[in-house]
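Everything on this sheet refers to the single structure shown next.
Derivation of every value follows stated rules applied to the coordinates shown; laboratory data play no part. No experiment lies behind these values; they were computed from the predicted model shown. With ideal geometry, Cβ positions are generated from the backbone for all residues, glycine too; neighbour counts draw on all protein chains shown.
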Amino acid sequence: MTDAWFAGTTPDDPESGAQCIREGRASAPTDWPAEAVESGFAADETDYYAKLRSATLSAARDAVAERERADDVQLAHAVRAMDDAERTANELAERVVEWAGTLYESVPRGLDGVRDIAAREPSTAAEERVVSYATRAVDLLDERDELRAFIEERAPTSAPNLAEMAGPVLAARLISLAGGLDSLAKSPSGTVQVLGAEDALFAHLKGRASSPKHGVIFTHEYVRGTRPQDRGSAARAFAGKLSIAARIDHYSGDYRPEIHEELADRMATIRAREEEGGE
Amino acid sequence: MSDDHSADSPALPTGVDRRSFDGRMRLSTRGGPVYGEPVDSDGWRAWDAGRSKLGAMLELGMDTGLVGGETVLYLGAASGTTVSHVADFAGATYAVEFAPRPVRDLVGVAEARDNLFPLLKDARDPDSYAHVVESGVDCLIMDVATRGQADVAVSNRQFLADDGRLLMAVKARSEDVTADPDEVFADVLSALESAYEIIETERLDRFHADHLGIVARPK
């Protein structure tokens, strides 16, 4: 039996060949053109290459369409689901800890408390209910962790530069807030800077507040770890490079180490102001 | 500037020619235009060495051993700028690229050529395309911007004919953005030694900063 892509396909059906090209594997190459002629898949070498061409073209087209269609949408849903799971788990945790406090002595607070309760052996009907309830919350926490792992695995392939610069989760958040990698790539950097701060932005536009310096990018160490009077500069520099990263990811897709270096340099300059003691 | 290297450098492969574009002698091949390059009245299109590492290697007079008509495995085809020129003068050309977005453009380039086979595959995982790419290819061309470029060359040695050639452009910054390029190149060359004998190396800095062109043959 051979591992060739054309094994088991019908010679005149490029679709079945395309599927084998996408899904097949072999531990080593062979002289496939000769084998194809020998096995009767192709009349001669020219015929083989013509068949290979239509199968590879169709495989590449399908694979590209599938990957492009899917990846950023999946990331956006995954990050929203992760947030829902976390918010709900916290809500359940509050109830669990409060309730368990009436049944057990010394219940740790918060999510640790929930895991602690879920691991106990209930001995009364009330304990059974609270332990069962805690188990649901723990399941949700585990689901949140799996969603995070999924995002961390997917983001670097669908948005390599954005994921490297922002971290996979923040990258997914930005994609989700913008409504897709495509719209993020088309957003000006000023928009990227305040994504997630829409309430503050509209308050500002109505004349009720000063303009927001940052939205969700605040969660990144580049912004949060900069002292307050320099955060505006840090957020602006960071957002500028993020929007470039999103454009590279959307329009080209290859990884560019240069932009990450440039941003690191710029952040070092901004942070240096603090050491110099300037205002 | 127009004719440097042309006198003492090895012959260009059949199908590659130096022709005049806007008064400047430039490499060119014959085929449908791909990236907005100039085309002359005989249908030759300029091969921009500033956008192509292989173009730079030829322009700098490196002895690539290419004669034209060979079977080629090209790793890191990106959107097809260089591989389109390769397919113009080579025979069957397998183009492997990992990122989906560039492959969309690569498909367009391949549609206009009979001998170019695009594969959306990871060059670090040769088993994922060994059922498609034939053994005994004459030339393995590599322009992958990933860490572990030497490992990719070694694991793809299995496709190459024993008298074939490896033509590789190493990007120092892909290995380590902070390291000295010379150290990166030395590491890559010594990692290649397990499977290849190095024939020639040359810095491509005139066209591509911090890149090393390598010509090697399998051991």
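So how far, in whole Å, is the C-alpha centre of region A:109-127 from the one of region B:11-44? After rounding, the separation between the Cα centres reads 75 Å. The three principal axes of the C-alpha atoms in chain A carry coordinate ranges of 79, 63, 37 Å, sorted with the longest axis first.
Here the sum of -39500 (n - 2.57) over DSSP H runs of 4 or more residues, divided by the residues of chain A, equals -24000 deg cm²/dmol at 222 nm, to the nearest 500. Looking only at A:Thr102, A:Thr219, A:Thr269, which one moves most when chain A is put into a Gaussian network model with springs between Cα atoms under 10 Å? For chain A, modelled as a Gaussian network with Cα springs under 10 Å, the answer is A:Thr102.
Of the residues A:Glu164, A:Glu66, A:Glu38, the one that moves most in a GNM of chain A with alpha-carbon contacts below 10 Å is A:Glu38.
Counting only aspartates and glutamates at least 8 places from A:Lys206 when in the same chain, those with an alpha carbon closer than 18 Å to its own are A:Glu198. For chain A, a Gaussian network of Cα nodes joined below 10 Å ranks A:Ser132, A:Ser252, A:Ser123 by mean-square fluctuation, and the top entry is A:Ser123. Each Lys and Arg Cβ is given +1 and each Asp and Glu Cβ -1; about its Cα centre, chain A then shows a dipole of about 1560 debye. Only helices enter this figure: runs of n ≥ 4 DSSP H residues, each worth -39500 (n - 2.57), summed and divided by the residues of chain B, yield -6500 deg cm²/dmol at 222 nm to the nearest 500. Local charge sum around A:Ala159 (other residues, Cβ-Cβ under 10 Å, Lys/Arg +1, Asp/Glu -1)? Every neighbour counted, the sum reads -3. Over the C-alpha atoms of region B:45-146, the Rg to Rh ratio, Rh being the Kirkwood estimate, stands at 0.93. For A:Lys186, the aspartates and glutamates whose Cα falls under 16 Å of its own Cα, not counting residues fewer than eight places away in the same chain, are A:Asp72, A:Asp249.
Fraction of C-alpha pairs exceeding 21 angstrom in region B:72-218: 40 percent, rounded to a whole number. Taking 28 Å as the straight-line reach from the Cα of A:Lys51, the lysines in range (excluding those fewer than 8 positions away in the same chain) are B:Lys121.
Grouping the Cα pair distances of region A:14-69 into 5 Å bins from zero gives a pair-distance distribution of 4, 20, 21, 27, 16, 7, 4, 1 percent in increasing distance order.
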